[in-house]
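The values are calculated or read from the model by the stated rules, or taken from the named source; none is laboratory data. Since the structure is predicted, the reported quantities are computational estimates derived from the model, not experimental observations. So basically every Cβ, Gly included, is an ideal-geometry build from the backbone, and we count neighbours across all protein chains shown.
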Amino acid sequence: MKTYKQVFSELDRAALIPFFVVGDPDFDTSLEIIKGAIDAGADILELGIPFSDPIADGPTIQKADIRAIKSGMNVARALEFIKQIKNYKDIPIGLLMYYNLIYQYGTGKFFEDFHKAGVNSVLVADLSIDDGDEIIGSAASAGLDTVFMVTPNTAPDRIKLIVSKTTGFIYTVSVLGVTGSRDNLSGTIEDLIGDLKKLTSVPVCVGFGISKPEHAAAVARAGADGVIIGSKIVGLIEKNLNNKTEMIVEISAFLTQVMDAISR
Amino acid sequence: MKYKGRFGDYGGFYVPEVLIPALEELEEAFFHYHHDEQFVNELEQLSKHYAGRPSPLYFAQRFSEHVGFRVYLKREDLLHGGAHKVNNTLGQGLLAKYMGKTKLIAETGAGQHGLATAMIGALFGMETKIFMGVTDIERQSVNVHKMKLCGAEVVGVEGGTGTLKDAINDALRYWTAHVTDTFYLFGSAAGPHPYPTIVKHFQSCIGAEARQQCLDQIGRLPDMVVACVGGGSNAIGIFSGFYDDKDVRLIGVEAGGRSVAGGKHAATLVAGRVGILHGAKSYLLQDKEGQVYDTESVSAGLDYAAVGPEHCMLKDTGRAEYFAAEDEEVLDAFELLTRSEGILPALESSHALAYVMQQKGKLDSDTIAVVNLSGRGDKDVSIVEKHRPIEQ
């Protein structure tokens, strides 16, 4: 199974990391979209299993969660979904989860089952480093890397603590706020990337609000090891719900543009 | 954070990283000011002259005759704004002021907490935004209008069923993007630490007063204290005065909705399973996998899938007992109190009265029950009219 380490050490540019809600808008279409993203050059996938109350997400991903739940996606089917992606290509996968779904499944068993299916890490959006011990031990014994968030308002001492417990990559949130496309990047993100790079050798990936190729290029230039793009491409799913061919074409085309921008 | 905010294994602060600094700041400010002399004095003055504390303890004689034992009402419905919510919004609003915050946000279900926040926003001259589900906006239009009259902006929330859970989701999301200058005035003894502790602190005046009033007016403590439970703020407020009185039964009454057996309800402690929502571990109404159920109740204020963490602990230890009252029983209770005493109870508080009515014929006539009449029912008149039209 391909590791984050292998990906980051092989690349001489920032990794391209698209985010999808699995099963959005339905199992088969979602799988086709993700295969398209892999073909367009995605280096790592960030995947969310839909949850009824995604408090860290803006309207675009909330709607994706609803579409996916309505189409019948659930934790058991997500396991099958991930296995099918891994059959297509051995690409590292990070899950982005809300804690209750993991807790109900049983934390240890969740990590074991999803690691076996081909997942490399699980980021829990509503579990901070303060309660990190609820997952770190069982993640490690299952063979998973840890991924935690750092936000623009995280205090320096806290950043050090987070960095010390992270083995996969730092998920650096570019703005104060929830997920969603934005016209402009936060002015402080480049400083934050710089600070993190001084503190740690763990890769630094940046997400939330990156919605244009030039945003991706800017964070890559600032030293980010990876660029995570969610709402922008999930928005393309919503926009093309009546035309699945166009949906897949537009997402792949957008990711190709981003790849060009971060490869320059 | 300085403290874990746990009640047994319940509670905690399960929130995205971006909210941690705001919760830390709030925790620090609360523990700094809650015993600060100037803060305590100012809150005491406001509670007395603005909100109307202490609230009376009233012997409801005709209602008592109907149920066959002695029922006393803790009249939180007489407070400014028409509910116990003002105790908490004055406390947290003052805390916001001492912290130098200039903007308030709040979630609301029935609109009582939204109104109580809008009042305090007007009182302190703070910009106020209230998040409210679109279903609740429709069924509580009078409160919506009152909030607007106080100068608050009411933000309609469309997600889910357009009720309290969805309002909290969007208030949390908004707070995430505005943490630096905005104070989130949380309305229930639920949500992430330190809110359950803060809300209980500001609502504990209910229990302290009620206990003393029992001793002064009746000459003894009651046999039971009954309160409705949605998130659980009025219940935790009155229960807290009687924790150490082991002979006083503490009884929380949840929303049985159309039917607890049929799954159309909001009886979290009665029928839920432990999970994590809105920053806390608590009992939760959810499916097998952990997706949170849409709840149902005639009373918007109890229409919530989670519940305050301290109530979860009180249930597990057996110190408090929790039951459900279904919509029809609640409407019966509303009618009985109104007819026998001329007091219109809020549909939320009517759940506690419905439990008392369920005990008719089961308790000795010298039994004393204190019911927390947490709010008045003016806001619910059109709902009651719809369910129980008055024949001409």
Counting only residues that are in a strand (DSSP E or B) and free of Cβ contacts under 8 Å to residues at least 12 places away in the same chain, how many does region A:11-57 have?
-> 0
Within region B:208-229, can one find any residue that is under 18 Å from B:ASP316 (Cβ atoms), outside the structural domain of B:ALA190 (by TED's automatic domain parsing) and over 19 Å from the mean Cα position of the chain (by Cα)?
-> no
May I ask you to list the residues in region B:126-159 that are within 21 Å of A:VAL178 (Cβ to Cβ), of a type outside the set (D, E, K, R) and surrounded by fewer than 24 Cβ atoms within 10 Å (Cβ to Cβ)?
-> B:VAL134, B:VAL154, B:VAL155, B:GLY156, B:GLY159
Out of B:LEU277, B:LEU347, sole residue that is within 17 Å of the chain's Cα centre (by Cα) and assigned by TED's automatic domain parsing to the domain that holds B:PHE63 = B:LEU347
Just a yes or no: is a residue in region B:220-230 away from chain A (no Cβ under 14 Å), small (Gly, Ala, Ser) and within 29 Å of B:LEU73 (Cβ to Cβ)?
-> yes
Can you tell me which residue among B:VAL40, B:VAL67 is surrounded by 20 or more Cβ atoms within 10 Å (Cβ to Cβ) and either hydrophobic (A, V, I, L, M, F, W, C) or within 14 Å of another protein chain (Cβ to nearest Cβ) (or both)?
-> B:VAL67
Within region B:321-328, identify whether any single residue is more than 16 Å from the chain's Cα centre (by Cα) and assigned to a helix (DSSP H, G or I), and answer yes or no.
-> yes
Sort out which residues of region A:94-122 are surrounded by fewer than 22 Cβ atoms within 10 Å (Cβ to Cβ) and β-branched (Val, Ile, Thr), and write them in order of number.
-> A:THR107
Could you tell me which numbered condition B:SER365 fails, if it satisfies all but one of (1) small (Gly, Ala, Ser); (2) surrounded by 16 or more Cβ atoms within 10 Å (Cβ to Cβ); (3) modelled with pLDDT of 95 or more?
-> (2)
Residues of region B:1-23 that turn out to be part of a strand (DSSP E or B) and farther than 17 Å from A:ASP53 by Cα, as a count | 5
A:ASP26 vs (1) touching a helix residue (DSSP H, G or I) at 6+ places or on another chain (Cβ under 9 Å); (2) crowded, with 19+ Cβ neighbours inside 10 Å: all pass except (2)
Might you check whether a residue that is small (Gly, Ala, Ser), surrounded by 20 or more Cβ atoms within 10 Å (Cβ to Cβ), at pLDDT below 95 and not assigned by TED's automatic domain parsing to the domain that holds B:ASP223 occurs anywhere in region B:100-109?
-> yes
Residue count for region B:167-196, restricted to those that are closer than 22 Å to B:ASP303 by Cα and away from chain A (no Cβ under 14 Å) = 6
Could you look through region A:196-216, keep only residues that are more than 14 Å from A:SER174 (Cα to Cα) and touching a residue at least 40 places away in the same chain (Cβ under 8 Å), and pick out the one that is surrounded by the most Cβ atoms within 10 Å (Cβ to Cβ)?
-> A:PRO203
B:LYS360 vs (1) surrounded by 19 or more Cβ atoms within 10 Å (Cβ to Cβ); (2) outside any helix (DSSP H, G or I): all pass except (1)
Can you name the condition, by its number, that A:GLY58 falls short on among (1) modelled with pLDDT of 95 or more; (2) surrounded by fewer than 24 Cβ atoms within 10 Å (Cβ to Cβ); (3) within 14 Å of chain B (Cβ to nearest Cβ); (4) under 16 Å from the mean Cα position of the chain (by Cα)?
-> (1)
Find the residue count for region A:66-77, including only residues that are facing another protein chain (nearest Cβ under 10 Å) and not in a loop (DSSP other than H, G, I, E, B).
-> 4
Would you be able to tell me the number of residues in region B:1-18 that are out of contact with any Phe, Trp or Tyr (no Cβ under 7 Å at 6 or more places or on another chain) and under 22 Å from B:GLY231 (Cα atoms)?
-> 12
Across region B:267-301, the tally of residues that are at pLDDT 95 or above, under 23 Å from A:LYS70 (Cβ atoms) and more than 10 Å from chain A (Cβ to nearest Cβ) stands at 1
